[in-house]
Structure formats: C-alpha cells, structure tokens
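The values are calculated or read from the model by the stated rules, or taken from the named source; none is laboratory data. Bear in mind that the values here come from a model prediction, so they are computed numbers and not experimental data. Here Cβ is always computed from backbone atoms with ideal geometry, including for glycine, and neighbour counts include all displayed protein chains. All accessible areas refer to the heavy atoms of the entire protein, side chains included, with ligands and DNA or RNA removed. Shrake-Rupley method; radii C 1.70, N 1.55, O 1.52, S 1.80 Å.
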Amino acid sequence: ATVSEVFRQTVTVFFATEIVGVENIGTVYIFYFTSGLLTIPLWTRIASRFDKHRSLAGALVVVLVTNIAMYFIEHGQTTVFTIFFLIKGSCFGALMILPLAMVADTVDIDTALTGERRQGLYFSVCTMLQKLAYAVGQGLPLTLLGFIGFNAAGGNGADELYWLQVCYSIVPACSVGFAILALIPYTLTAKRHGELKDYLEKKEKDESTPLPNFLQN
C-alpha cells in the first residue's frame with residue numbers, strides 16, 4: 001500500500017497539470033493532507049468497531065476506486081479531480097496508523113509463542129520496509145515515465161499523456177488490489193487480541209496458563 005501511495009504521489013503534479021489542467025495543485029495538497037489528519041479519529045473509531053484489518057481493507061477499497069476513477073478524468077475536470085483527490089486524502093490517516101497498529105497486535109502473538117518481547121525488532125523491520133517502499137515508490141514511476149518518453153518540462157504528445165494517466169491510476173490500483181488480497185488471511189480480530197492480552201497478563205502470574213485456542217492450532 002505504501003508503494004502505491006508514494007508511486008501515485010510522485011506523479012500527481014504531472015497528472016494534475018498535464019492531464020487535468022489544475023493550476024493550484026499546492027492548495028489542493030493542503031486540503032488533501034488536512035482531510036487525512038482530520039479523519040484519523042474517524043478511522044480510529046471505525047477500527048474499534050469493525051477491526052483494524054477490515055477497516056484498513058475498507059480504506060484500501062476506497063483508494064482503489066478513486067484510483068480507477070482518475071483514469072476517466074478529462075482535461076478541465078478540475079472539480080472532479082479535487083473531489084476524488086480529497087476522498088483519497090481522507091484515507092491517508094488509515095493507511096498511516098492502521099498497519100502500525102496491526103504490527104503492534106502481531107507482536108503480542110510473538111510474545112505469546114516465544115516468551116520474548118521483541119517490539120524493537122518488529123518495528124525496526126517495519127521502518128526498514130517502509131523506507132524501501134518509499135524508495136521503490138519514488139524511483140519506479142520516474143523510471144516508467146522516462147521509459148515512455150514523458151517530458152516533465154511539457155510538450156508531451158497523446159501517447160505520453162495516455163501512459164501518464166495509466167501510471168497515475170491503473171498501476172497504483174493494481175498495487176492496492178494486491179494489498180487488499182494480502183489482508184484476506186489476516187485473522188487477528190479484536191476479540192482474539194483481547195484473549196491474547198488476557199493470556200499474557202495471566203501468564204505473568206502463572207507460567208502454566210494455556211495458550212488461547214486460536215494459537216493452539
């Protein structure tokens with residue numbers, strides 16, 4: 001999901017100016033990140049109601065739909081672009097906080113199975129993977145745009161603009177689709193995590209406490 005997000009953001013300025021004709025992309029970005037920050041409490045409540053992984057999947061579905069919708073935007077449809085862009089921005093908070101919260105829950109499984117507390121290791125690996133995702137997300141779209149002959153200075157033909165539109169919409173949509181599929185096997189619900197925390201608390205007092213049923217299979 002991070003690769004997809006960074007990938008799309010890397011070419012947003014080109015898409016907005018060359019394809020849509022947006023003249024105030026800086027202002028649009030301000031509203032984009034503002035919507036992302038303001039909706040963090042909303043995503044937190046949604047996650048507490050529907051579980052973190054389902055909420056993240058829901059946010060990714062919204063991102064997927066907006067990405068595909070961007071493919072059909074034509075020059076001059078600045079209002080439509082801004083609406084879709086802000087809808088996508090409203091999911092930004094979910095993509096930032098929910099994966100890390102899921103990692104924190106997963107650490108409890110490792111603690112239950114191994115008896116060790118390796119939070120630092122898990123979050124170090126996550127940080128490394130996140131930095132790698134940023135590098136790929138920034139480098140890959142620029143490489144693709146160079147391959148199709150896109151000129152950032154302007155003067156691009158119909159073919160270059162078409163492939164720019166594909167790079168901005170379809171390619172990230174495919175990446176998001178894979179992220180949604182990756183969430184399907186995730187089974188650590190809030191109920192199970194509650195059982196896990198109860199187990200860890202009881203084990204501190206009694207080493208013979210049995211593992212939760214879902215970890216015994």
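Some observations on this one:
- The stretch 1-76 - percent of accessible surface contributed by carbon and sulfur, probe 1.4 Å: 68 percent
- Peptides ranked, highest mean first, by Cβ atoms within 10 Å: ranges 139-148, 109-118: 139-148, 109-118
- Listed residue pairs exceeding 32 Å between alpha carbons, taken from Lys131/Lys205; Lys88/Lys197; Lys52/Lys205; Lys88/Lys131; Lys131/Lys197: Lys131/Lys205; Lys88/Lys197
- Gyration tensor verdict on the chain (Cα atoms; rounded if a/c is under 1.5, prolate if a/b is larger than b/c, oblate otherwise): prolate
- Anisotropy class of the stretch 84-143 from Cα gyration tensor, a/c 1.5 cut: oblate
- For the stretch 169-217, the share of alpha carbon pairs falling in successive 5 Å distance bins from zero is 5, 18, 17, 15, 10, 9, 9, 8, 5, 3, 1 percent.
- Per-residue [θ]222 nm for the chain (sum of -39500 (n - 2.57) over DSSP H runs n ≥ 4, rounded to 500): -26000 deg cm²/dmol
- Cα-based shape type of the stretch 2-48, given that a ≥ b ≥ c are square roots of the gyration tensor eigenvalues and the cut on a/c is 1.5: oblate
- Between 0 and 90°, nearest 10: helix 78-90 axis offset from the chain longest Cα axis: 10 degrees
- In this calculation the C-beta distance from Val80 to Gln130 is compared with R0 = 35 Å, giving a FRET efficiency of 0.65.
- Model label sites at Leu121 and Leu38, defined 7 Å from Cα along the beta-carbon direction, differ in position by 4.4 nm.
- Once the C-beta distance of Ile170 and Arg49 is scaled by a Förster radius of 45 Å, the resulting FRET efficiency is 0.90 to the nearest 0.05.
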